[in-house]
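Take a look at the structure set out below.
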Amino acid sequence: MRISGTSSTARATTRPPTTGTASTRSPSPSNPPNRPRQRREGASLDELDHYGVAYLCGGPSRVVQVAVLTLYERRGIRISRATRRADAVVREPGDPVEAAVLAAIPGAGRPLGQVIAAAAESAEALAVADALREAGLMRGRRPTRRGRALRRTLAAEPGASPAGRLAALGPDGVEDARLRGILQAEDPKPVDLPRNRHRGHGLDSSNLSDPRFDAGDYGGGTGGGY
C-alpha cells in the first residue's frame, strides 16, 4: 500500500502543467477576470475633458457655456453686461464647439442666451455625448448609474480652474462675479418704441446711445477683461 501510494504521489507530481489558456481563465488577485473592461473604463474617465464633464453635469447648453467662457477669457468674444449681447472679436476657434459658438454670433452681435441656445443644438455640441456613451456614463440622453455617481463626485470636487468649475457646477460655480452675473442673467426683452404717425417727427436713431457700451463690456476690450 505504501508503494502504491508513493507511485500515486509520483504520478501526481509529474503531471504536466496546465496550459496558458486555463491559467488566464482562472481569476487571481494579480489577474482579475474583469481587468480589461476596468482598464478601458478607467482610461475613458482619465480622458474626460471639461466638455465631457459639462455634458454629463448639465447637457449641451453647459458645454456651450464652457466654450463661451474659454472664448471670453481669450478675448475672442465680448459680452455686454448691460444688454448681455455677445460680439465676436476674433473668429479663431480653438475647437469645434468654439466654432459652433462663433458661427451663432452674426456680425452685428446677438444676445448671449440666443447664442447658447443655437450652439447647443449644433452637431459639435451634441457629439460630446458620444464619448460618454462609449465610457458607459450615458445611455441615450440619460446618465447611467455610474454616470450619476460620477456627477456627485464632480459636484463635490469640481477642481480649481474656471472652466472646470463651470462644467461641474454651472454658472453658480464661476468665481468672477461679473461673468457669473452675465451667465446667470436672462436676455433682456426687446423694447418696442412707439411709432409716430407723422413723418419727420420720429425718434432719430443717431441720438440714441448704444447701451452695449454704456455700462462697460467685459472680454475682448482693453478696459474690462476677465
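The values are calculated or read from the model by the stated rules, or taken from the named source; none is laboratory data. From a predicted model like this one, the values you see are computed outputs, not experimental measurements. Surface areas here come from the heavy atoms of the whole protein model, side chains and all, with no ligands, DNA or RNA. Shrake-Rupley method; radii C 1.70, N 1.55, O 1.52, S 1.80 Å.
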Could you let me know the centre-to-centre spacing of the range 106-158 and the range 51-82, using Cα atoms, in angstrom? 11 Å
Provide the per-residue ³J(HN,Hα) series for the range 100-115, in order, calculated from phi with Karplus coefficients 6.51, -1.76, 1.60 and θ = phi - 60°, each as a whole number of Hz, with x at glycine and proline positions. 5, 5, 5, 5, 7, 10, x, x, 7, x, 7, x, 4, x, 5, 4
Taking amide H positions as placed in the peptide plane 1.01 Å from N, state which residues far from M138 in sequence (5 or more) or on other chains have amide H under 5 Å from it. R133, T144
Where a ≥ b ≥ c are the square roots of the eigenvalues of the C-alpha gyration tensor, would you call the range 113-181 rounded, which needs a/c under 1.5, or, failing that, prolate if a/b is larger than b/c, or oblate? oblate
Backbone HN-Hα couplings from phi across the range 57-66 [Karplus 6.51/-1.76/1.60, Hz, Gly and Pro as x]: 8, x, x, x, 5, 5, 4, 5, 4, 5
Taking just the C-alpha trace of the range 45-110, give me its Rg and Dmax in Å. 12.4, 40
Report the per residue volume, in Å³, of the convex hull enclosing the C-alpha atoms of the range 74-121. 66 Å³
Principal semi-axes in Å for the range 69-191 [√(5λ), Cα gyration tensor, largest first]: 27, 18, 13
For the range 105-147, what is the accessible area per residue in Å², given a 1.4 Å probe and the full set of protein chains? 56 Å²
